[in-house]
Amino acid sequence: MKGGCLCGSVRYEASAAPLHSGFCHCRDCQRATGTGHSCYMIFEARDFSHSGELRSYAVVAESGAPSVRHFCPTCGSTVLASGAPGEERWTVFAGTLDDPSEFVPEAAIMTRSRQRWDHVQGELPEFSCMPG
Ligand SMILES: [Zn+2]
Ligand SMILES: [Zn+2]
């Protein structure tokens, strides 16, 4: 799977399938994306590489864990996210894929923050907060 930001300065490539994929309806994702939810895929760091300059913004997530969003300083696309330092995983936002049809959501999380106007087709397992 390959993708990148709107202007093309940031590029990434994953050599294996994601561990998890889904929709996150948390307020942080709503603010960061300007929409009702983010479309996330989580990859093992060893299966993932990226290039191009990124700027980062860190917050403490609702779960209490650090959450860092990484975006292109030129076009502002939020391409990646990561957790605590040393956590060997990358979150990729699926709208940045070269072929977004490769995204297969498996769950909807943080649905307690989901808005009435943001319902998507299909039946997915739902978690009102962060699953296990
Ligand atoms: Zn860009
Ligand atoms: Zn979220």
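Odds and ends about this structure:
- Where a label projected 7 Å from the Cα of Arg27 along Cα→Cβ would reach, residues of the range 97-128 with amide N under 15 Å: 110-115
- Distance from the range 79-132 to the range 45-73 (C-alpha centre basis), Å: 15
- Net lengthening on full extension, Gln121/Ser49 (0.36 nm per residue, minus Cα-Cα): 22.8 nm
- Both radii were evaluated on the Cα set of the chain; the Rg over Rh quotient, with Rh as the Kirkwood radius, amounts to 0.93.
- Per residue convex hull volume, Cα atoms of the range 5-61, in Å³: 113
- Here the Karplus curve 6.51 cos²θ - 1.76 cosθ + 1.60, taken at θ = phi - 60°, turns the phi angles of the range 54-67 into couplings of 10, 9, 10, 9, 10, 9, 8, 6, 3, 6, x, 8, x, 9 Hz, with x standing for Gly and Pro.
- GluC sites (Glu not before Pro) restricted to the range 1-102 and DSSP loop, no more than 15 other C-beta within 10 Å: Glu53, Glu62, Glu87, Glu88
- Applying a DSSP loop filter and a limit of 13 other Cβ atoms within 10 Å to the trypsin sites (Lys or Arg not before Pro) in the range 87-118 leaves Arg116.
- Mean separation of Cα contacts under 8 Å, 6 or more apart, over the residue count of the range 2-113: relative contact order %: 34
Computed from the coordinates by the stated procedures, all read-outs in this text should not be read as laboratory data. Everything numeric here is computed off the predicted structure, so don't read it as measured data. Note that each Cβ is placed from the backbone with ideal geometry, even for glycine, and that neighbours are counted across all protein chains shown.
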